[in-house]
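Chemist: Take a look at the following structure, please.
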Amino acid sequence: MAQTQNQGIIILDIEDSQVNTEKESLGEYIKKFLFAQWSINLRQKVVFFRILSTMVNASLTILKSLTALRKQEKDKNMLKFYDFMIEHIQSGTTMHESLGAYYGCFSDAEVSIIEAWERTGKLNTALVQIADQTEKVDSITRKIKGAMTYPMIMIVGMVGCVAILMIKVIPTLTGFFGDPKNLPEATRLIISVSDFFINYWAFLLTLVIGIVSGIKVWKKTKTGKYYFDSYLLRMPIYGPLVTKVILSRFARIFANLLWSGVAVVEAIRIVSGAVGNEVYRQRLLLLRQDIKNGQKIAESLEDDPLFPDLLISMIRVGEETAQIGTTVIKIADFYDEEVDIAIGGIQKLIEPVILVIMAVVIGFLAIGIFQPIMNLAGTLGG
């Protein structure tokens, strides 16, 4: 059963989804909390897969490669990881089974790619694919964080300055201003806001913490995650960037899975859990159902607002020429470039906007504070 929404489709019940989003989200949250000491970041993953692929390509066994990497490692989390892997490989566990068992640090897509290539004896190919894939994700993540760091510093700085003025400076100056009835409108408004902050700061702080905590809990539910992710896609400026990141991730992981020999239906299931957005996850699970019912990918996605016409056209070409993996990876490269362009555009737009807002706020405060002081100086001078 499906329910149509503005952004794609909410799938209320999919027989083969094999995933309960609410349980999955809460499970991931608990894993992150309990197993934080075993976590591995994207950069560490890239280095691990890249160096391991070089060693395997040089005809070293997995066990010897892991032992050599463990000897040169200094990071505590990575040392625990290498000890875990060496112990499991020595006991006869395969590479993909060992990675899959490591506290949720490796995705289904990564494990499936390694499993597929292990069967053909080409583990090095899998390691290179995953290293490239993870490096792309890490690069995009770093660029987005870099683009948002400076604006966030400016916003936090502005809020901090305004808070100090309202809580410390304004109350000190209020006694020198005289009768509030004789003060300018801007000054009276500033004093009223200052009094409100001083009298109700505990309530405001509790309210903010409550709202933030409530949103976090709500996001862990099936409905909450869907609507939050749907809102991200519709956000002005930021929404198109999120969409391009998702499409790039979808195309790259899907292509790598197909190249690894994973069946299309299974590849779509794995990708649905890797795109990082509930709206797209549910739409991809519906696509999986359509494929099982005999539809082609391009046919199922046609006229869907979540997937641009260009992407659908490229997939159609890939299906017609039986080279869908090669075609889809080109789509991933295209959207990687689009993400770079979008990040640059956001940086150029958001910084001037924040500067204008800061100028307006500081200008209003300056007028409200200095106007009565100047009036008082004029009165004393007269």
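The values are calculated or read from the model by the stated rules, or taken from the named source; none is laboratory data. Since the structure is predicted, the reported quantities are computational estimates derived from the model, not experimental observations. When we count neighbours, we look across all protein chains shown, and the Cβ atoms used for this are built from the backbone with ideal geometry, even at glycine.
Chemist: Only one of Ser53, Ser112 is outside the structural domain of Val271 (by TED's automatic domain parsing) and either more than 24 Å from the chain's Cα centre (by Cα) or more than 24 Å from Arg249 (Cα to Cα) (or both); which?
Modeler: Values: Ser112 fails: either more than 24 Å from the chain's Cα centre (by Cα) or more than 24 Å from Arg249 (Cα to Cα) (or both).
The unique qualifying residue is Ser53.
Chemist: If the requirement is being crowded, with 22+ Cβ neighbours inside 10 Å and part of a helix (DSSP H, G or I), which of these qualifies: Gln282, Gln289? If you could, list the steps in order and put the result at the bottom.
Modeler: Details: Gln289 fails: crowded, with 22+ Cβ neighbours inside 10 Å.
Going through Gln282, Gln289 in turn, the sole match is Gln282.
Chemist: Taking the conditions exactly as written (of a type in the set (Gly, Ala, Ser) and more than 19 Å from the chain's Cα centre (by Cα)), does Gly146 satisfy them or not? I'd like the intermediate steps shown before the answer.
Modeler: Working: of a type in the set (Gly, Ala, Ser): yes; more than 19 Å from the chain's Cα centre (by Cα): no.
Against the criterion (of a type in the set (Gly, Ala, Ser) and more than 19 Å from the chain's Cα centre (by Cα)), Gly146 does not qualify.
Chemist: Moving to a separate point now. Considering only residues of the stretch 10-41 that are surrounded by 15 or more Cβ atoms within 10 Å (Cβ to Cβ) and in a helix (DSSP H, G or I), which is modelled with the highest pLDDT?
Modeler: Applying the filter and picking the extreme gives Trp38.
Chemist: I would also like to ask the following. Of the residues in the stretch 295-322, how many are in a helix (DSSP H, G or I) and either touching a residue at least 12 places away in the same chain (Cβ under 8 Å) or surrounded by fewer than 19 Cβ atoms within 10 Å (Cβ to Cβ) (or both)? I'd like the intermediate steps shown before the answer.
Modeler: Just the residues of the stretch 295-322 that are in a helix (DSSP H, G or I), to begin with: 297-301, 309-321.
Applying the additional criterion that residues be either touching a residue at least 12 places away in the same chain (Cβ under 8 Å) or surrounded by fewer than 19 Cβ atoms within 10 Å (Cβ to Cβ) (or both) yields 297-301, 309-317, 319-321.
Count: 17.
Chemist: So Thr326 ticks every box in (1) over 25 Å from Arg249 (Cβ atoms); (2) touching a residue at least 40 places away in the same chain (Cβ under 8 Å); (3) β-branched (Val, Ile, Thr) but one. Which box is left unticked?
Modeler: (1)
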